[in-house]
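Student: Pasting in a structure now, in structure tokens, and then I'll have a few things to ask.
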Amino acid sequence: MVGGPLESVTIRDEVMPRLQLAGWSADRWEQEYRIAPGQLTVVDRHVRRDMPVRAALALLHDHHPVAVVEAKRSLRSEYSGNS
């Protein structure tokens with residue numbers, strides 16, 4: 001795959017298992033967590049709202065976010081070093 005696995009695959013295969021090992025159960029995180037609504041832009045009396053700002057994952061405590069996790073596509077193994 002050009003550019004490595006998609007972000008969703010990286011989250012599923014790399015991030016979620018590590019969160020579970022750290023004690024975070026699946027009911028304590030939310031994917032594509034909305035942090036803020038999109039920015040409003042006004043041009044010639046027309047208002048446009050950009051896409052909302054989202055984090056890849058939010059870790060929740062009592063249904064409130066306590067941390068966010070941002071994941072990107074995986075291009076190579078973390079074990080490959082700088083070479």
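Student: When ranked by the protection proxy of mean other Cβ atoms within 10 Å per residue, highest first, what sequence do the peptides 45-53, 10-18 form?
Tutor: Highest-to-lowest ranking by the protection proxy: 10-18, 45-53.
Student: Treat the stretch 7-75 as a sphere of radius equal to its Kirkwood radius over Cα pairs and apply Stokes-Einstein at 10 °C in a medium of 1.306 mPa s; give the translational diffusion coefficient in µm²/s, rounded to a whole number.
Tutor: 117 µm²/s
Student: Right, next: I want the local charge near residue 38. Using Cβ-Cβ distances under 12 Å, sum +1 for each Lys or Arg and -1 for each Asp or Glu among the other residues.
Tutor: Net charge around residue 38: +3.
Student: OK, next. Mind giving me the FRET efficiency for residue 18 and residue 44? R0 is 41 Å, r the Cβ-Cβ distance, nearest 0.05 is fine.
Tutor: The value I calculate is 0.25.
Just so you know, all these numbers are worked out from the coordinates, no wet-lab data involved. Because the structure is predicted, anything quoted here is derived from the model rather than measured. Cβ atoms come from the backbone with ideal geometry, glycine included; neighbour counts cover every protein chain shown.
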